[in-house]
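S.K.: Structure provided below as structure tokens; questions to follow.
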Amino acid sequence: MQTLIKNLRVVSPDLDLEGASIGIESGKIAKVYAAGDQLPDAESVIDGSGLTAMPGFVDIHSHGADGCDTVDDSTESVAHIAKRKLGEGVTTWLPTTLTLPQEHLLKAAGNVANYMANQEFAKTPGMHVEGPFINPKCTGAQNPAFVRLPDIAELKEIHEVAPALVCSVAPEMEGASEFIAAATEMGVRCSAAHTAATHEDFKTAKAAGLKHLTHFCNQMSGLHHREIGIVGSGLIDPDIMIEIICDGIHLCPDMLKLTFALKPIEQMIMITDSMAGSWLPDGEIQLGGLPVVVEGGIARVKETGALAGSTLLFNDGVRIVAELTEMPLDQLVKATSWNQAQSLGLDGIGKIEPGFAADLVLLDADFKVQHTLVDGQ
């Protein structure tokens, strides 16, 4: 079936075309037409007047949405989150776990695998294992009762059930470097998280294969003039990719502006770190067995007040960064999908070019999602 989306702005890495059109055939982008080009006949035509097309967003760190969590004992919960993600313009996501007992994580991996076998909504190429291999002094909203030292045997068990594309780990913990090296050999991208590591710890971990920093600035050693910590490592290192929650809460607006000013856009990965309270009104909800209160859209652990993931919708994060930084969209778009695809080895997504999957989000002038297409559907 041929589909034509016409009269819209097309934004892709290093590409910004006004009055353009996109031809889709067999689930892939067949051609991008500039304004004035002769357009083909198509069986389905979408009028994109007033809309901007971007590659479908890729959220590599998302725990839940609309009352559902990846670690619920339910394949239906995973599917429901994947469906809700489409409303944010997310066409690919990684269900993200929490610090829990191994048997619970294996059940979650099983549910992810079940959804992967019949993907109805957002694409799910694998999962993000966040915890339990973190620093017990930096748990944040992770359950301290289940924190443990890095154990490659546990990660292998999970990985055999559903691919663990990302694993968050505190690099200063005993055995972490060996764990990172072994995980990297398995094809897992290790990311520093919930950590009090020094810059020297970071360099050791990077030599072992560390690729990412999880939710940059949150629950990680901060920048100090005598020890730059993991925050400083993320800003100074020429290779490390940083995940960043762009809600203006986890990082204040000025810190967001500073980070986007200092870090090359090619090393930025926008995430939501969304939890079950996203898409819901304020109230109480659970996160990994911990009671969480959402007030004014901000989720905090009821007992400690620690931030507990976010209620951020991906498209709102894009709007916030676009307004704060005034960065050209053809550059900012690299951090919404292309960098994720490149880092995780997800071929054929993240650009609006012939041959790429027709995974698209169509946004209005306020960055509200009007249409989301997965493989042209």
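The values are calculated or read from the model by the stated rules, or taken from the named source; none is laboratory data. Fair warning: this is a prediction, and the values are worked out from it, not measured in the lab. As a convention, Cβ positions derive from the backbone with ideal geometry for all residues, glycine included, and neighbour counts pool all protein chains shown. Please note that ligands, DNA and RNA were not included when accessible areas were found on the heavy atoms of the full protein model with its side chains. Shrake-Rupley method; radii C 1.70, N 1.55, O 1.52, S 1.80 Å.
S.K.: Being hydrophobic (A, V, I, L, M, F, W, C), more than 23 Å from residue 180 (Cβ to Cβ) and assigned to a loop (DSSP other than H, G, I, E, B) is the filter here; which residues of the range 101-142 pass it?
M.R.: Correct list: 117, 121, 122, 141.
S.K.: Test each condition in (1) open to solvent by less than 10 Å² (accessible area, probe 1.4 Å); (2) farther than 17 Å from residue 221 by Cβ for residue 159 and report the one that comes out false.
M.R.: Condition not satisfied by residue 159: (1).
S.K.: So, one more: For residue 318, indicate whether it is modelled with pLDDT of 95 or more and either open to solvent by 20 Å² or more (accessible area, probe 1.4 Å) or among the acidic types (Asp, Glu) (or both).
M.R.: Spelling it out, it is not the case that residue 318 is modelled with pLDDT of 95 or more and either open to solvent by 20 Å² or more (accessible area, probe 1.4 Å) or among the acidic types (Asp, Glu) (or both).
S.K.: Next up: Go through (1) within 23 Å of residue 84 (Cα to Cα); (2) free of Cβ contacts under 8 Å to residues at least 24 places away in the same chain one by one and return the number of the condition residue 342 breaks.
M.R.: Checking residue 342 against (1) within 23 Å of residue 84 (Cα to Cα); (2) free of Cβ contacts under 8 Å to residues at least 24 places away in the same chain, the one that fails is (1).
S.K.: Tally the residues that are aliphatic (A, V, I, L, M) and over 18 Å from the mean Cα position of the chain (by Cα), restricting the search to the range 162-207.
M.R.: Result for the range 162-207: 12.
S.K.: Any chance you could count how many residues in the range 38-48 are open to solvent by 70 Å² or more (accessible area, probe 1.4 Å) and assigned to a loop (DSSP other than H, G, I, E, B)?
M.R.: So the answer is 3.
S.K.: Please specify each residue of the range 260-291 satisfying the condition of being assigned to a loop (DSSP other than H, G, I, E, B), open to solvent by 60 Å² or more (accessible area, probe 1.4 Å) and closer than 14 Å to residue 235 by Cα.
M.R.: 264
S.K.: Continuing with the same structure: Yes or no: residue 205 open to solvent by 40 Å² or more (accessible area, probe 1.4 Å) and touching a helix residue (DSSP H, G or I) at 6+ places or on another chain (Cβ under 8 Å)?
M.R.: In short, no.
S.K.: Another question about this same structure. Return the total of residues in the range 339-368 being closer than 24 Å to residue 31 by Cβ and either open to solvent by less than 50 Å² (accessible area, probe 1.4 Å) or of a type in the set (D, E, K, R) (or both).
M.R.: Residues that pass the stated criteria total 18.
S.K.: Looking at 25, 88, 76, 103, can you tell me which residue is open to solvent by 10 Å² or more (accessible area, probe 1.4 Å), of a type in the set (D, E, K, R), modelled with pLDDT of 95 or more and within 22 Å of residue 360 (Cβ to Cβ)?
M.R.: 25
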